[in-house]
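Enquirer: Okay, handing you the structure first.
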Amino acid sequence: MNNRVYQHHLPRKRFGQNFLHDNYIINSIVAAIHPQPKQAMVEIGPGLGALTKPMAKCVESLTVIELDCDLAVRLAKHPFMQQKLNIVQQDAMTVDFAALSAQMGQPLRIFGNLPYNISTPLIFHLFKYTDAIYDMHFMLQKEVVNRLVEGPNSKAYGKLSVMAQYHCQIISILEVPSTSFNPAPKVNSAVVRLVPYTTRPYPVSDLGKLATLTSQAFSQRRKTILNSLANLFCAKQLAELGINARLRAENLSIEQYCRLANTLSMRTL
Ligand code: SAM
């Protein structure tokens, strides 16, 4: 990443600052989000306002969460946006999105070109608030989008896929070349839409069990689940659950992981 000044701001690598400058991509993202004037739009990491400006034109008000104090101050002084913006100068990882939704009186529509260094933990943080979220649109590393959308029997399918698809319907929207950013990141990017289920297809009683199970299975993804989950299930128990013990972590469906998680929860009751 170079560190040349862009729009009178020196991009900060530690805040994952890669600013979008490609108008075709910016307009495509806003069109995909399709904002309506009274909706509760929330942007994570507005930066220099590449998405904020066109979005502010479409809505009555817009909440933005920005960690970089200099950028938050700059947005607060912006000539036409300042009246519409509710600026939260805070780490998005510490934001209580349920409280924000309650304050705004409706489920949130969250979007952002996320800082890549914290995108996966931030997505996991947001999963805690899916009841308060209507949908999310994020620019991410293409590799992370692949992990979010892929199903069983593919290399990209892993813990993130299972946990994300447990909570949300996920659609890949658009691929974005690194030349669309300043400074250009070393990786390609993509935009993804996540829509939390109002009724989950395969509910689990203890999400922690699903998280532990998938961590354990995928940390040894080349082993059969009979081996990788040996401390949790024997061959007979897997057979009783209708799960082939010779399968590997990447061969199990979301529904099968949920079935295993619920079995573990029942045992500890
Ligand atoms: N939205 C702008 C754009 O598309 O050009 C900037 C995107 S840049 C990839 C990521 C932005 O997130 C930066 O403005 C950065 O300062 C901000 N940021 C980084 N870490 C953050 C955090 N933990 N919470 C909130 N904002 C953060």
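The values are calculated or read from the model by the stated rules, or taken from the named source; none is laboratory data. Here the structure is a predicted model, which is why all the values come from computation and not from measurement. Here the Cβ is made from the backbone with ideal geometry for all residues, glycine too, and neighbour counts use every protein chain on show. Please note that ligands, DNA and RNA were not included when accessible areas were found on the heavy atoms of the full protein model with its side chains. Shrake-Rupley method; radii C 1.70, N 1.55, O 1.52, S 1.80 Å.
Enquirer: Summing Lys, Arg as +1 and Asp, Glu as -1, what charge do residues with Cβ under 13 Å from the Cβ of Gln237 carry, Gln237 excluded?
Expert: Taking every other residue near Gln237 into account, the sum is +2.
Enquirer: Let me ask another. Sort Cys168, Cys58 by accessible area with a 1.4 Å probe, largest first.
Expert: Putting Cys168, Cys58 in descending order of accessible area: Cys58, Cys168.
Enquirer: Which of the pairs Lys84/Lys142; Lys13/Lys142; Lys128/Lys186; Lys155/Lys223; Lys38/Lys84 have their Cα atoms more than 23 Å apart in this structure?
Expert: Pairs exceeding 23 Å: Lys84/Lys142; Lys128/Lys186.
Enquirer: Answer rounded, prolate or oblate for the range 1-146, using the Cα gyration tensor with square roots of eigenvalues a ≥ b ≥ c: rounded when a/c is under 1.5, else prolate when a/b is larger than b/c, else oblate.
Expert: Cα axes put the range 1-146 in the rounded bin.
Enquirer: I've got another one for you. Can you give the FRET efficiency to the nearest 0.05 for Ala32 and Lys236, using r as the Cβ-Cβ distance and R₀ = 51 Å?
Expert: It comes to 0.55.
Enquirer: In a shell of Cβ-Cβ distance under 15 Å around Ser61, excluding Ser61 itself, what net charge do Lys and Arg (+1) and Asp and Glu (-1) give?
Expert: +3
Enquirer: Give the residue list of trypsin sites (Lys or Arg not before Pro) in the range 179-217 that are DSSP loop and have at most 16 other beta-carbon atoms within 10 angstrom.
Expert: Here the sparse-neighbourhood loop sites are Lys186.
Enquirer: Sticking with this structure for a sec: What 222 nm value per residue comes from the helices of the chain, counting each DSSP H run with n ≥ 4 as -39,500 (n - 2.57) and dividing by all residues, nearest 500 deg cm²/dmol?
Expert: -10000 deg cm²/dmol
Enquirer: So, one more: Could you identify which residue out of Arg221, Arg14, Arg109 has the top mean-square fluctuation in a GNM of the chain using Cα springs shorter than 10 Å?
Expert: Ranking Arg221, Arg14, Arg109 by mean-square fluctuation puts Arg14 first.
Enquirer: Got a sec? Which residues in the range 202-236 would a label at Asn251 touch, if it sits 7 Å along Cα→Cβ and we count backbone N under 15 Å?
Expert: 218, 221-229, 235
Enquirer: If you count the DSSP beta bridges with both ends in the chain, what percent of them are antiparallel, to the nearest 5?
Expert: In the chain, DSSP labels about 50 percent of beta bridges as antiparallel.
Enquirer: Add +1 for every Lys or Arg and -1 for every Asp or Glu among the other residues with Cβ under 15 Å from the Cβ of Arg259, and state the total.
Expert: Cβ neighbours under 15 Å give a net charge of 0.
Enquirer: To test your reading of the geometry: what angle, between 0 and 90 degrees and rounded to tens, separates the Cα axis of helix 207-219 from the longest principal axis of the chain?
Expert: Helix 207-219 sits at roughly 80 degrees to that axis.
Enquirer: So what's the angle, to the nearest 10 degrees on a 0 to 90 scale, between helix 254-267 and the longest Cα principal axis of the chain?
Expert: For helix 254-267, the angle is close to 60 degrees.
Enquirer: Taking the Cα centroid of the range 126-172 and of the range 43-85, what is the distance between the two, rounded to the nearest whole Å?
Expert: After rounding, the separation between the Cα centres reads 26 Å.
Enquirer: May I ask you to list the residues of the range 11-34 whose amide nitrogen lies under 17 Å from a point 7 Å from Cα along the Cα→beta-carbon direction of Asn188?
Expert: Flagged as within label range: 25.
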